[in-house]
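Worksheet: one structure, shown below.
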Amino acid sequence: HRAEPAAAVTADGTLRSWGEGTYGKLGHGDWQDQLLPMKVEAFAGQRVFAVSAGTSHSIALTADGAVFTWGQGERGCLGHGEDLSDQLLPKKI
């Protein structure tokens, strides 16, 4: 049994994710599962305000109002228009 993905924002705006990594939904650039919370390096230098980790994709809002999604891209669920590819790293929409 695989662990579902989880994500949390620390008090300083750092995003960490862990659990099942299929489709790149943890945002670490690969499909690897993570047993412990790992910093999402794509947000280095930014403050994350909110995050939601789903079964196949994740979404984050930064302090400056930008929205990023990553994970499974089929059926347009990431909001990237015609690009339906899986995103292994957070991509701004």
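The values are calculated or read from the model by the stated rules, or taken from the named source; none is laboratory data. Please read these numbers as outputs of a predicted model, since none were measured by experiment. Cβ sites come from the backbone with ideal geometry, for glycine too, and all protein chains shown count toward neighbours. Protein only, heavy atoms only, side chains kept; ligands, DNA and RNA dropped before computing areas. Shrake-Rupley method; radii C 1.70, N 1.55, O 1.52, S 1.80 Å.
Check region 19-31 and report whether any residue there is over 20 Å from S85 (Cβ atoms) and free of Cβ contacts under 8 Å to residues at least 60 places away in the same chain.
Checked region 19-31: at least one residue is over 20 Å from S85 (Cβ atoms) and free of Cβ contacts under 8 Å to residues at least 60 places away in the same chain.
What residue, among those in region 34-46 that are open to solvent by 70 Å² or more (accessible area, probe 1.4 Å) and either closer than 18 Å to D86 by Cα or outside any strand (DSSP E or B) (or both), is modelled with the highest pLDDT?
Of everything passing the filter in region 34-46, E41 is modelled with the highest pLDDT.
Just checking, how many residues over region 65-93 are closer than 18 Å to S52 by Cβ and either in contact with a Lys or Arg (Cβ under 8 Å, 6 or more places away or on another chain) or small (G, A, S) (or both)?
13
Going by the conditions given, is A11 outside any strand (DSSP E or B) and small (G, A, S)?
Yes: the conditions hold for A11.
Does any residue of region 55-62 turn out to be modelled with pLDDT of 95 or more and more than 11 Å from the chain's Cα centre (by Cα)?
Scanning region 55-62 turns up at least one residue that is modelled with pLDDT of 95 or more and more than 11 Å from the chain's Cα centre (by Cα).
Can you tell me which residue within region 54-90, out of those that are over 23 Å from D12 (Cβ atoms) and not in a loop (DSSP other than H, G, I, E, B), is most open to solvent (accessible area, probe 1.4 Å)?
So in region 54-90, the residues over 23 Å from D12 (Cβ atoms) come out as 54-57, 71-88.
Imposing the further condition that a residue be not in a loop (DSSP other than H, G, I, E, B) reduces the set to 57, 71, 74-76, 87-88.
On the way: H57: 59, G71: 0, E74: 78, R75: 198, G76: 31, Q87: 29, L88: 61 Å².
So, considering only residues that are over 23 Å from D12 (Cβ atoms) and not in a loop (DSSP other than H, G, I, E, B), the one most open to solvent (accessible area, probe 1.4 Å) is R75.
When region 6-21 is examined, which residues are found to be open to solvent by 20 Å² or more (accessible area, probe 1.4 Å) and either touching an Asp or Glu at 6+ places or on another chain (Cβ under 9 Å) or of a type in the set (A, V, I, L, M, F, W, C) (or both)?
A6, A7, A8, V9, A11, W18, E20 - these are the residues of region 6-21 that are open to solvent by 20 Å² or more (accessible area, probe 1.4 Å) and either touching an Asp or Glu at 6+ places or on another chain (Cβ under 9 Å) or of a type in the set (A, V, I, L, M, F, W, C) (or both).
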